[in-house]
Amino acid sequence: MTYLAKPRLHHPTLARNAVGYTRRDYEGKVSTLCAGCGHDSISAAIVQACWELDIQPHRVAKLSGIGCSSKTPDYFLGASHGFNTVHGRMPSVLTGANLANRELLYLGVSGDGDSASIGIGQFAHAMRRGVRMVYIVENNGVYGLTKGQFSATADRGSKAKKGAVNNDAAIDLVGIALQLGATYVGRGFSGDKAQLVPLIKGAIAHRGAAFLDVISPCVAFNNHAGSTRSYDYVREHNEAVSRIDFIDLDAEVSAAPAPGEAVDLPGPDGGTMRLRKLHANYDPTDRIAAMNQVQAYAARGEIATGLLYVDAEAGDMHQALNTVAKPLNALGEAELCPGHAALDKLNASLR
Ligand SMILES: Cc1ncc(C[n+]2csc(CCOP(=O)(O)OP(=O)(O)O)c2C)c(N)n1
Ligand code: SF4
Ligand SMILES: [Mg+2]
C-alpha cells in the first residue's frame, strides 16, 4: 500500500476560513514518509498557509518531480489539481500548464536532487523566465528516496551517515535563483513553522517567480553529527535576516516601525505584508547586496534564512510575452481563427 486515505468526517466545531473550509479540507492522504522527516512539516506549513489565505483548493495546481519530497503533494491539498512528473521535469510541465491557464495558483514541489542535479537546467529556466509559481525545494542534502547518496547541495566536507566525506562544492540554489532573476527568494527551515508559513504566504501572493529553499532534515540518512542538514546543525547555525508579518495596516499604526526597519509589500487580496528587517544592515530589496550577504553568511558557516530578496513590482512570463489573459481552453473559434484578413496581415509582416 503506498498511501492511506484519511477519514472524511470532520468534527463540526472545527474552525472554518472565509471560503468555508476547515484546515482538514486542505490536507491530503496519510503520509508514508519516515516519522520525523522534515518534508511532512513543510506539507503542514503549506496546508496552514493555504487555509489562512482562504484559497479555494480547486484553484491550485501542485506539481512535483520524483523523490520523497516530490511524493508530498499527495499528502496535502487533496482536492487540488496534481501532476507528478518525471524526475527533474516539474518546471517545464508547470511552465506549460501556466502558459495554458494563468488563473490557477501553481505550486511546484521538488527536492535538492530533483532540482540541483537532474533538473538544474529546468530550475534555471523557470527562474529566468519569471514563471509565476511558488517553487519549493525541500533540501535535505541527500537523495532520500534512493537511500541517502550526497546530493549536489551537500556542503563540501560534510559527512555521510557511514562517514564518507563529500569532496564536491555545494550548489546553492538560493544563489542561483538570485543570479537568474527570481523576484522572491527565501530560505526556511522545516523545524521553524512560525517562519515558514508567512514565507509561503508571501510567495503565494507574489506576482512572479518565487523560490523557497527549505532545509528539511532527512532523519533516515542525514541527521547525524558531521551533517550540515541535521536538525541540531541547522538550529545552531540558523541566522534569520527578516520576518514577514501579514497585517492590517490601519490596526498597526501604533506599532509602526521606525524608517528603514521594515518594507511594506502588497499582499494577497489587497492586504499588506510587512517585511521586518531583523538585521539592520540587510536590505531584502537589493538583489546584489542580498547575493553578497547570503554568501558572506555561508562563508562564516551560518545559514541565512527569512525572505532574502523581493522585488514587489515584479511581473511574470505572461507580461513579458504579452499573452492572452483567457485560459486557452476557454478561447472561442473567433479568437482562435480570426480569418483571412488577419492571416494575410500576419504573413505580410513576416515578408
Ligand atoms: C530519470 C531518473 N533518474 C534517476 C531516478 C532515481 N531517483 C529517484 S528519486 C532520486 C533522487 C531524489 O532526491 P531528492 O530530489 O533530493 O528527493 P528526496 O528523496 O531527498 O526528498 C533519484 C536519483 C529516477 N527516478 N529517474
Ligand atoms: S528517507 Fe529521508 S527524505 Fe525520505 S521520507 Fe525518510 S527521512 Fe524523509
Ligand atoms: Mg533530497
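Bear in mind these aren't lab numbers, they're just calculated from the coordinates by the rules spelled out. This is a predicted model, so every value here is computed, not measured. No Cβ is skipped: glycine too gets one built from the backbone with ideal geometry, and neighbour counts run over all protein chains shown.
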Next item on the list: Determine the relative contact order of the chain: mean sequence separation of Cα pairs under 8 Å and six or more apart, normalised by residue count, in whole percent.
Entry: 15
Next item on the list: Tabulate in residue order the Karplus-calculated ³J(HN,Hα) for segment 75-90, using 6.51 cos²θ - 1.76 cosθ + 1.60 with θ = phi - 60°, rounded to whole Hz; enter x for Gly and Pro.
Entry: 9, 9, 6, x, 9, 9, 6, x, 8, 9, 8, 6, 3, x, 10, 3
Notebook entry, point to check: Along segment 179-189, what does the Karplus equation 6.51 cos²θ - 1.76 cosθ + 1.60 (θ = phi - 60°) give for ³J(HN,Hα), rounded to whole Hz, x for Gly and Pro?
Noted result: 5, 8, x, 4, 9, 8, 10, x, 10, x, 9
Notebook entry, point to check: Between Val142 and residues 5 or more places away or on another chain, which pairs have amide H atoms under 5 Å apart, with H built 1.01 Å from N, and which residues are they?
Noted result: Ser151
Next item on the list: For Ala210, list long-range residues whose amide hydrogen, built 1.01 Å from N in the peptide plane, is under 5 Å from its own amide hydrogen.
Entry: Met133, Tyr135
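Tell me the mean residue ellipticity at 222 nm calculated for the chain from its helices only (DSSP H runs of n ≥ 4, each -39500 (n - 2.57), averaged over every residue, nearest 500). Numbers along the way, then the final one.
Working: 12 runs with 105 residues, N = 351.
After summing the helix terms and dividing by the residues of the chain, the value is -8500 deg cm²/dmol.
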Notebook entry, point to check: With θ set to phi - 60° and the Karplus curve 6.51 cos²θ - 1.76 cosθ + 1.60, what are the ³J(HN,Hα) couplings of segment 326-338 in order, to the nearest whole Hz, using x for Gly and Pro?
Noted result: 5, x, 4, 6, 9, 6, x, 4, 4, 6, 7, 10, x
Check: Once the chain is represented by equal point scatterers at the alpha-carbon sites, with solvent omitted, what log10 I(q)/I(0) does the Debye formula produce at q = 0.10 Å⁻¹?
Finding: -0.62
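Lys and Arg at +1, Asp and Glu at -1: add these up for the other residues within a Cβ distance under 13 Å of Pro91 and post the number. Display every interim value, and only then the final one.
Numbers: positive: Arg89, Arg128, Arg129, Arg132; negative: Asp114.
Counting the neighbours of Pro91, the net charge comes to +3.
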Checklist line | Other-chain or far-sequence residues with amide H under 5 Å of Thr305's (modelled H) | finding: Glu239, Ala240, Val241
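Where Lys and Arg each count +1 and Asp and Glu each count -1, what net charge lies around Ile171 among other residues with Cβ under 12 Å from its Cβ?
Working: positive: Arg156; negative: Asp112, Asp155, Asp168, Asp172, Asp213.
Neighbour charge sum, excluding Ile171 itself: -4.
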Checklist line | Residue among Ser70, Asn101, Thr305 farthest towards the positive dipole end of the chain, charges placed on Cβ | finding: Ser70
Next item on the list: Round to a whole angstrom and tell me the spacing of the C-alpha centers of segment 118-162 and segment 20-76.
Entry: 19
